[in-house]
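Below is one structure, written out as structure tokens; comments come after it.
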Amino acid sequence: MITFLNYLKGYVRIRLKGGSPERFLNLCSNNNILIWQIIRVDDEYEMYLSLKAFKELKNIIRKTNVKIKVVEKKGFPFFLYKYRKRKMFFAGILLCAVFVYILSLYVWQIEINGNHARTTDVLLSFLEENDIAHGMRKNKVNCEEIETLLRTNYNDIIWTSVKLRGTRLIIDVQENTDTSIANIGEKEASDLFADKEAIITSIVTRNGTPYVKAGDVVKQGDMLVGGALPITDDAGEIINYQYVAADADIYGKTIYKYTDSFKLEYQKHEDTGNVQKGIYLKIHEKSIFLGKNKIKYKNYHILSDINQLKLGENFYLPFSVGTVQVFEEKVTDSKYTKSQAEEKAKQRLLKFIETLKEKGVQIQENNVTIDIDQTECRASGNLVVIEQLGIRKKASIIELEVSGKDNEIDGETGNDN
């Protein structure tokens with residue numbers, strides 16, 4: 001900040017020779033004249049001082065008989081003087097400053113972090129449907145409303161944080177990987193229900209009342225763990241319930257039905273070796289290919305390296321620039337052999353299984369078969385798996401039944417009164 005202020009006011013570097021330079025420095029100190037970066041070169045001294053301070057040296061120079069030579073002139077006043085005749089130059093600077101200010105009023109970058117279940121493009125499309133998009137005015141951004149919007153519409157997003165930094169809107173989310181947690185809070189009274197038909201393989205209850213045990217068959221919607229804890233009297237009779245958030249690790253054996261198919265005939269894409277290069281420019285939503293010519297290939301694929309321009313860390317601009325390579329493709333009709341089709345079907349099944357494993361699902365049995373005829377390859381069957389069960393719902397309130405005996409006693413007491 002001090003350097004910036006010195007630049008605005010202007011400063012000079014001077015060299016002292018002859019006379020009494022030590023007395024010169026003492027008089028500057030006594031008159032509150034700030035000097036800095038003093039160095040000695042042989043019998044001479046060099047130092048910096050502000051333009052205003054330089055104009056106050058007349059009496060000090062006369063008293064000390066030193067000779068002063070200006071070595072450097074730095075700062076905004078000297079800049080203005082140097083270019084004082086270039087009016088269009090300063091007009092351009094002014095227009096640029098106004099343009100940058102206008103750009104600072106909008107959001108040009110939306111960054112989403114922590115999302116795994118959904119791609120960034122999916123979340124950006126959802127936000128755009130709710131009028132939250134690149135190019136929106138910053139004064140229309142309500143961070144709390146965006147946080148609520150995401151949590152309300154996506155049950156697995158349990159925490160959000162939205163911040164506006166410069167022209168960048170930063171959205172951090174935390175997704176729930178535990179299927180036993182739903183919309184309501186973890187500390188709110190709740191029950192756990194089966195989200196699909198399964199055979200219970202294990203259950204470890206941490207909080208609540210278990211309604212099932214290992215080996216039980218449950219259907220979708222059956223209660224697994226209740227949040228109502230009975231409170232009994234000395235006689236062992238239930239007199240009330242305490243409601244808690246049911247919590248348990250419940251695993252069950254269930255079945256996934258798998259079906260997949262694809263045609264044996266397909267179009268084979270091969271690179272011809274021809275490449276067309278160019279520069280890619282994007283202004284907000286408009287894209288421009290700055291090649292020598294328009295894309296001249298009938299069949300092609302594009303490899304691009306695009307970067308959004310920014311000033312500093314958080315001041316993003318609505319301009320993206322990069323290089324583009326357009327590769328020509330040769331497209332021919334082809335057909336999978338039986339072994340190729342079988343291998344492709346196995347790879348697609350393996351990819352599906354890997355997706356399940358990433359969610360914590362354990363594969364117990366693979367009963368998928370592959371059938372190939374003259375035109376199509378089909379894979380179908382069942383996968384027997386063990387996975388975590390349970391979906392949380394608000395606890396059901398249990399109403400206590402009042403016995404007839406109690407009614408009779410209460411009535412007699414009332415008559416006595």
Subject >> Potential lengthening between residue 1 and residue 374 on full extension [0.36 nm per residue; Cα-Cα distance subtracted] >> reply: 126.5 nm
Original post:
Quick one: Debye curve from the C-alpha atoms of region 206-274, no solvent, what's log10 I(q)/I(0) at q = 0.20, 0.21, 0.25, 0.28 Å⁻¹?
Top reply: -0.98, -1.02, -1.14, -1.24
Subject >> Dimensions (Å) - region 329-398, Cα atoms, principal axes, largest first >> reply: 67, 31, 19
Subject >> Span from the region 150-166 Cα centroid across to the region 196-221 one, whole angstrom >> reply: 32 Å
Original post:
What pairs in 17/55; 163/357; 87/286; 196/346; 17/52 have C-alpha atoms more than 23 Å from each other?
Top reply: 163/357; 87/286; 196/346
Original post:
If you roll a 1.4 Å probe over the heavy atoms of the protein chains, what accessible area per residue do you get for the chain, in Å²?
Top reply: 66 Å²
Subject >> Theoretical ellipticity at 222 nm over the chain - DSSP helices of four or more residues, -39500 (n - 2.57) apiece, nearest 500 >> reply: -8000 deg cm²/dmol
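Please sort by residue number the trypsin sites (Lys or Arg not before Pro) in region 273-326 whose DSSP state is loop and whose Cβ has at most 11 other Cβ atoms within 10 Å. Could the numbers behind the result be given before it?
Numbers: sites: 277, 282, 286, 292, 294, 296, 298, 310; in loops: 292, 294, 296, 298.
Of the trypsin sites (Lys or Arg not before Pro), the ones in loops of region 273-326 whose Cβ has at most 11 other Cβ atoms within 10 Å are 292, 294, 298.
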Original post:
By how many nm would the segment from residue 394 to residue 142 lengthen if fully extended, with 0.36 nm per residue of separation less the alpha-carbon distance?
Top reply: 87.7 nm
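Of all the accessible heavy-atom surface of the chain, with the other protein chains kept in place and a 1.4 Å probe, what percent is carbon and sulfur?
Roughly 50 percent, rounded to a whole number.
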Original post:
Any idea what the alpha-carbon Rg over 2.2 N^0.38 Å comes to for region 1-113?
Top reply: 1.55
**OP:** Answer with a single label: of [x] 72, 54, 34; [y] 59, 48, 42; [z] 115, 93, 41, which was calculated as Cα extents along the principal axes in Å from the structure in view?
**Re:** [z]
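Between residue 155 and residue 358, what length in nm is gained on full extension when 0.36 nm per residue of separation is reduced by their alpha carbon distance? Write down the numbers at each step before the final one.
Values: separation 203, 0.36 × 203 = 73.08 nm, distance 1.92 nm.
Answer, rounded to one decimal: 71.2 nm.
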Subject >> Inter-probe distance in nm under a simple model that places probes 7 Å from Cα toward Cβ, at residue 307 and residue 87 >> reply: 3.9 nm
Original post:
Could you give the nm distance between label points at residue 70 and residue 207, where each point is 7 Å from its Cα heading toward the beta carbon?
Top reply: 7.6 nm
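For the chain, give the share of DSSP beta bridges that are antiparallel, in percent and rounded to the nearest 5; count only bridges with both residues there. Display every interim value, and only then the final one.
On the way: 105 of 111 bridges.
Here the antiparallel bridges make up roughly 95 percent for the chain.
The values are calculated or read from the model by the stated rules, or taken from the named source; none is laboratory data. Owing to the predicted nature of the structure, the values given are computational and were not obtained by experimental measurement. As a convention, Cβ positions derive from the backbone with ideal geometry for all residues, glycine included, and neighbour counts pool all protein chains shown. Calculation scope for accessible area: heavy atoms of the full protein, side chains included, ligands and nucleic acids excluded. Shrake-Rupley method; radii C 1.70, N 1.55, O 1.52, S 1.80 Å.
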